[in-house]
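Undergrad: Quick one: the structure is below, and I'll ask about it shortly.
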Amino acid sequence: MIDCFDGKYAFLSNFYPSAITDGNLIFPTVEHMFQAAKTVNIEEYKKIAAADTPGQAKRLGRKVVLRDDWEEVKDEIMYNALWLKFSIPDFRKKLLDTGDEKLVEGTTWHDNVWGNCTCERCKNIEGQNKLGKLLMQIREEIKSSM
């Protein structure tokens, strides 16, 4: 199992540099694209896309006026952003090189939706690991298309 997206597996993180585009803007990371997608306000969208770091993009994403359908579309938006990232040949190869390992975004920042937090407070809570599951789904889709 790969349970931490750092070191050799840092490329699995949404914070990892991976220029992707929505056809209009280039986003430095998946995190930038995901956070920008929270809003339909074009100025907020552009500001998040241009954020200096993925952490800054995440902080900005917490302050936007959420689009009305965010809860219904956020998983699909994440999937699409990840698909763009792992369509890049180098990233696709690295993802495939994880073989059949279970991918779990182990966190310490209490994210039990996209990951699985292992801090003292959360250690007895099983996270949903949505990010890891989407990565494994994309890995299988790439394998089946080869």
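The values are calculated or read from the model by the stated rules, or taken from the named source; none is laboratory data. Predicted, not measured: the structure shown is a model, and the values here were computed from it. Here Cβ is always computed from backbone atoms with ideal geometry, including for glycine, and neighbour counts include all displayed protein chains. Note: accessible area is taken over every heavy atom of the protein model, side chains too, but ligands, DNA and RNA are not part of it. Shrake-Rupley method; radii C 1.70, N 1.55, O 1.52, S 1.80 Å.
Undergrad: Which distance in nm do the two modelled labels at Trp83 and Asp52 give, with both placed 7 Å along the Cα-to-Cβ direction?
TA: Taking the two extended label points, one gets 3.5 nm.
Undergrad: Take the eigenvalues of the Cα gyration tensor for segment 1-55, scale each by 5, and report the square roots as semi-axes in whole Å, largest first.
TA: Numbers: eigenvalues 116, 20, 16 Å².
Rounded to whole Å, the semi-axes are 24, 10, 9.
Undergrad: I've got another one for you. What value does the chain have for Rg/Rh, both radii from Cα atoms and Rh as Kirkwood defines it? Present the calculation step by step, with values, prior to reporting the outcome.
TA: Working: Rg = 15.1 Å, Rh = 15.7 Å.
Across the chain, the Cα-based Rg/Rh ratio is 0.96.
Undergrad: Then there's this: Given the rule -39500 (n - 2.57) for each run of at least 4 DSSP H residues, summed and divided by the residues of the chain, what is its mean residue ellipticity at 222 nm, to the nearest 500 deg cm²/dmol? Intermediate results must be reported in sequence, preceding the final value.
TA: On the way: 6 runs with 62 residues, N = 146.
Dividing the helical sum by the residues of the chain leaves -12500 deg cm²/dmol.
Undergrad: What's the longest bit of the chain with no exposed trypsin sites (Lys or Arg not before Pro), using DSSP loop states and at most 13 other Cβ atoms within 10 Å as the test?
TA: Details: sites that count: Arg62, Lys63, Lys102, Arg121, Lys123.
Longest run free of exposed loop sites: 1-61.
Undergrad: Another question, then. Between rounded, prolate and oblate, where does segment 72-146 land on the alpha carbon gyration tensor, with a ≥ b ≥ c its root eigenvalues, rounded for a/c under 1.5, else prolate if a/b exceeds b/c? Mind dumping the intermediate values first?
TA: On the way: a/c = 2.60, a/b = 1.76, b/c = 1.47.
Prolate, since a/c reaches 1.5 and a/b exceeds b/c.
Undergrad: Another question, then. Under a plain spin-label model, where a point goes 7 Å from the Cα along Cα-to-Cβ, how far apart in nm are Glu126 and Ile42?
TA: Taking the two extended label points, one gets 4.7 nm.
Undergrad: Report the full-extension gain for the segment Asp69 to Lys102: residue separation times 0.36 nm, less the Cα-Cα distance, to one decimal in nm.
TA: On the way: separation 33, 0.36 × 33 = 11.88 nm, distance 3.06 nm.
That works out to 8.8 nm of additional length.
Undergrad: Straight-line reach only, C-alpha to C-alpha below 24 angstrom: list the lysines that Lys74 could link to, leaving out same-chain residues fewer than 8 apart.
TA: Filter leaves Lys38, Lys46, Lys47, Lys58, Lys63, Lys85, Lys102, Lys130, Lys133.
Undergrad: Whats the longest run of the chain with zero GluC sites (Glu not before Pro) that are DSSP loop and have at most 14 other Cβ atoms within 10 Å? Could you put the intermediate results ahead of the total?
TA: Details: sites that count: Glu101, Glu120, Glu126.
The longest such stretch corresponds to 1-100.
Undergrad: Using a 1.4 angstrom probe on heavy atoms only, work out the carbon and sulfur share of the accessible area of segment 16-80 in %.
TA: Numbers: 1950 of 3740 Å².
That share works out to 52 percent.
Undergrad: Using the Cα centre as the reference, give the magnitude of the dipole from point charges on the C-beta atoms of the chain (Lys, Arg: +1; Asp, Glu: -1; all else neutral), rounded to the nearest 20 debye. Please list the in-between numbers first.
TA: Values: 21 positive and 23 negative charges, 62 e Å.
It works out to roughly 300 debye.
Undergrad: Hey, can you find the accessible area per residue of the chain for me, probe 1.4 Å, expressed in square angstrom? Walk me through the numbers on the way to the answer.
TA: On the way: 8280 Å² over 146 residues.
Here the per-residue accessible area is 57 Å².
Undergrad: For the chain, which cysteines have no disulfide-compatible partner, meaning no other cysteine Cβ under 4.7 Å?
TA: Cys with no partner Cβ under 4.7 Å: Cys4, Cys119.
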